[in-house]
Structures are given as structure tokens and as C-alpha cells.
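Written below as C-alpha cells is the structure these notes are about.
Quick note: the coordinates plus some simple rules give every number you see, no bench work behind them. Predicted model only: the values in this text are computed from it and were never measured. Every residue, glycine as well, gets a Cβ built from its backbone with ideal geometry; the counts of neighbours run over all protein chains shown.
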Amino acid sequence: MLKKRIYSNIRLLFLSAFLAIVVSGCATYGQGVKKSVDNIKKGQYQLAEQEMKKALKPDGDDRLLYYLELGSLKRLSGEYSDSNFKFETAEKIAEDLYTKKAGDVLSSMLLNPRQSAYPGNDFEKIYINYFKALNYIDMAETSQDQSSFEDAVVELRRLDYKLKSYEVEKGNYKEVEDKKKQTFVKLLNIFKKFQGNWVDQDWLKFREDAHARYLAGVIYEMNNDYDNARISYQNAAELYEQGYVKQYSLDEDVAQRAWYDAIRMMIKSGGWSNEWPQMARDKLSEEKRNDLKKLSASSGEVVIIDHIGLAPARKEMNLVLKADANTRSLYLYPILTGSPQEKDDQRAWFFLLYSDKGVMSIINNYSSGGLSGVAKGLSRKTISIGPLWDVADNLGLIGAIGSTGIRVTVPYYSPVRNTIGKTEIIADGKRKYLLKSEDIGRLAIQEQLLNAGNDLNTALARTSMKNIIAYQAGSQLGGLAALGGKIAAAATSACETRNWLTLPEQIRINRISLGPGNHNVKIVTKNKSGVVISQEEKDFNLKPGEVKIWSKRTIVE
């Protein structure tokens, strides 16, 4: 009777665990706030806030995201002061989590990542100060309170401190370029290809933010601090030129725009008459040099910053780990799930990061299976453990893997499929296009690519540990119990899919010079087929030499 009851409970565990796998295989943080995101796309920010508060808690593991997302939503609603309160709280939480992180590394690695506090990415922490600064500028515009400009400058200094610390930790673009020129490193990169390592990690690191530097220049210029404005514009120009444009596939003209404004500040502040003409010859196109000749001290400027779309949601990919005693190797295969497009994305992500595509791997696969062996290798990852096979067997890993394998989950991003085309500024008969100065979607993907190897190793170790424990406990009750234990362990396998979803997918910027007085500025956005999808206009009354920011958000369903 007791034995029958045990097996009945095992069958129940088996069924419950199987259903949990189906559910957890689909559940991600992004789907948890899907209703909120859908309402944002419709412009229904109050409803979006209500749904976000249901999905996230201010004191749970998602507390950082709670304040980041609500800070964004308050900004979208025009509640700038409340937005900054939320962002200030988020910044304190991020700092607190960072100080605790070092001591919690091992314990957090053993947990389901979604059951631990989300600490935020480096670039997400930069955008806390970025949006706080913009909030202060918008508050100054509506209240005419000069102190808000000073608060914006404080945020710029905080942002500068963070960026400098990242540069010290990760190196700058010049150091990376110098490293690439070294003979030994060139040889090392050649032989990395034998290991199938196609990802150049040096060019994936987020080490600076050229767009944030440029915004700092704009705000300093608005405060008539032309020296700091010049420094910020020049910092942005150098970053764009040295590698930022290349790394994030931005419009090359953004570097010209930043150099032009740096030189403008040299002319405006005076004392640079011996330097700026040479810089103009070295850095500016003939068209930009002609624009310098037309500069008027009385001209005002409207700077347009368009924050486009929503950041891509991080997703979960399922893998299965199997063992082969004949080759004393472990094999990792993707289990493709979701829509046909998602399956294609998962297949491509696995191929890029994990599959056996190195020269030696291809030769080994060809030797063992000919052309079909090569094809099979491109859709799997081989981990040859050789003499460590016996160690793995003694640990219980080989038994836990068994004939069915064990489920492992890792995060991935689908490509950003943006349908938005060009954005045009029209004012006083002048026409300009906004320039892509930041691509947060691409930045997020590159950050994930950089962490993919560590994510996989941690996931393998964590999942193996759970399966060994479940297998050993279940084995004492028989084969069905062992299988039920494995399924229960698989059901708890999950990866980190949380990220700040209300960040824009990309940012575009440009500025237009206008004389003193009243002006109507129109912004027309088209899709990639040339059809108008968004059109807005705003009136500006400019004083001589005044700079104003029009910070807007374009989200298309």
C-alpha cells in the first residue's frame, strides 16, 4: 500500500513537473509585463503603469526594474519630478546591489537567476542619469526655474563618474586598437578560430557612451558653460570616430556633428583662434566648413532628440545536454520553441555562439561522420572531457544525464526588426534628417553576446548539480522516481530574461539653427517604405543665441 502511494505521488510529480517545463519554457520577464508594454504602444500610460505595478513589486527581486520602468512611465506621462524620484530610488538600489554582489556570487550562481535580485547592466545605470538630466531640462522649460539646469549638471557629473570608472575597468577604444596591432595578439586571434571562437569580445564591451557625452555638451551650452560644452562635444566626437560608430552601426555623420559643435564652442568662447581653423580643416567636410562661415552670434538652436521604439526583450532558449561514453564527450543541442521566426532566431544564436564551427571541430566531425558529421556538428556543441569522464561519472553527472539528457536554459535576443525609416526636421524652409546617435537594442545584444559563454557555463553547472541531487535521491525509489526527479529538476531550470524594457531601442539627434523669434518646427517620421507613420510639430520662441531641447518619444505599434 505504501509503495503504491509512493508511485502514485511520483506519477503526480511527473505530470506536474512536465506541465511546469511547458510553462517555464515560455515564461519570461518580458511576457510578465506584456500588457504594460502593449498599453505603452497605444499611448495609454496610466493603464501601462497600473499593469506594471501588478507585474513588479517595489521590495522584491525585481525592485530595481520596478523603479526603472515606473521612472520611464512617469516621464512619458510628463510627470518629471515623480519620474526623477523613481530614478533616484533606482540608482540607490543599483548601488546597493553592486556592493553586495561580490559576496553573493557563488550563492547566486546556484539559484535560478530569476529568483535573485536583478542588479542591472552597466548601460542601464548610465541611462538613469541620462533621463534624470532630461527630466530636469523639461522641468526648467515648463517652470522657468534655473535651479533645474543646475540639477541637470549634477546628473551629468554623476554620469561622467560612472563612464570614467567603466573606461578604467574595460579600457578605451584606443587601447583596444593598439592591442589589435600587436603581432602576438594577431596570432592569438588566428588560433582562436581553431576553437570556433568567432566573437571578438574586445569590440563588444560597453566602455563609454558617446551620445550621453554629446547630451552633456548640449546642457553645458544651455548653461553658457562653453568650455565644458567644448570638452563634452569633443569627447563625443572622438568616441564616435574611434569606434563607437563602428561598434553600434550608427550614422557616420554624428561624428561630424559633434566636431562641428566642439569648434562652434571654441569660436563662441574665444581664445582659440589659432587652433580651431586647423581642427576644422582636419575634421570637417567642406559643407560643414562653409556652415561655420555662416555662423551668427544671434542664431538660436533647437536640438531634437527622438527616443525611438522599445528595448528588445531578453528571451529564454532551451538546450539539452547528452553524454556519449564511446567518445567520452558531452553534447549540447538546441531545442527550438516558439514561432517559426523565434525558432530561426534560436538556431542562428546557437550557431553564432555555441556550435562546432572551428576548423579542428569540423575536421573531427568529418573524420567521424563525413559530410553528415559536419552538418551535425554545426547544430550542436561538443564538449570533449576525455580523462575527466571518470570524474564526471563518479560525481553522478553521467548517470543524471542518462539516455534522455538534461535541460539547460540560456538567455538570447531576437534581432531588432525595426520598421522605422528616416526622420526629417522641417523649419523655416530648412530640412535636415535626424542622425542615429545611439542603438540601445544593438548595445543590449552585444552585452548578451559578451556574457554568453559565462551564462552557458554557469547554467550547465547549476543544472547538472540539481539533476545529480534529483537523480541520486530518486534512484533510491526506482527508475520512475529517478525520471520524475529529473523532470522536476528540469522544471526549475531558468535563465535571466529580465531587462529594462521601456528604454528606447535607438536614439536619433540633430539640431537646426534658427534666428531670434518664433518658429514652427515639424518632425516627420516615415517607415522604411517611405510612408509617413508619425508627424509632430512644436512652436519655439528663441532669444538670440538660445539653445532649446525638444526631447520626444516615437513608439509605433
Item to check | For segment 402-464, convex hull of alpha carbons as volume per residue, Å³ | outcome: 89 Å³
Next on the checklist: 5 Å is the cut-off here: which amide hydrogens, built 1.01 Å from N in the peptide plane, fall below it relative to D251, excluding neighbours closer than 5 in sequence?
Outcome noted: K436
Checklist entry - Quick one: which of 399-406, 72-79 comes out on top by average Cβ neighbours within 10 Å, and what's the full order, highest first? => result 72-79, 399-406
Item to check | Under 15 Å, Cβ to Cβ, from I267 - net charge with Lys/Arg +1 and Asp/Glu -1 | outcome: +3
Next on the checklist: Could you check the spin-label model distance between S403 and S116? Points 7 Å from the Cα along Cα→Cβ, value in nm.
Outcome noted: 3.7 nm
Checklist entry - So what is the relative contact order of segment 215-329, in percent, for Cα pairs below 8 Å that sit 6 or more residues apart? => result 18 percent
Checklist entry - Spin-label point model (7 Å from Cα, Cβ direction): what's the E88 to Q46 distance in nm? => result 2.6 nm
Checklist entry - Exposure proxy check: D227, D61 ranked by fewest other beta carbons within 10 Å? => result D227, D61
Next on the checklist: Multiplying the sequence separation of Y161 and N418 by 0.36 nm and subtracting their Cα-Cα distance, what value in nm do you get?
Outcome noted: 89.3 nm
Next on the checklist: If amide hydrogens are placed 1.01 Å from N in the peptide plane, which non-local residues have theirs closer than 5 Å to the one on I555?
Outcome noted: G309
Checklist outcome for this item: Quick note on F351, F131, F540, ordering by fewest other C-beta atoms within 10 Å, gives F351, F540, F131
Next on the checklist: Under the 0.36 nm per residue contour assumption, what length would be gained going from the current alpha-carbon distance of K526 and L292 to full extension?
Outcome noted: 81.2 nm
Checklist entry - Using the beta-carbon distance between I335 and N457 and R0 = 25 Å, what value does 1/(1 + (r/R0)^6) give for FRET efficiency, to the nearest 0.05? => result 0.85
Checklist outcome for this item: Taking a crude spin-label model, label points 7 Å out from Cα along the C-beta direction, the A325 to F351 distance in nm is 3.5 nm
Next on the checklist: For the pairs K246/K343; K268/K293; K42/K526; K294/K432; K162/K283, flag any whose C-alpha to C-alpha distance is greater than 21 Å.
Outcome noted: K246/K343; K162/K283
Checklist entry - For I385 and D61 in the same chain, what is the full-extension length gain: residue separation times 0.36 nm, less their Cα-Cα distance, in nm? => result 113.0 nm
Item to check | Packing-based exposure ordering (other Cβ within 10 Å, fewest first) of E536, E208 | outcome: E536, E208
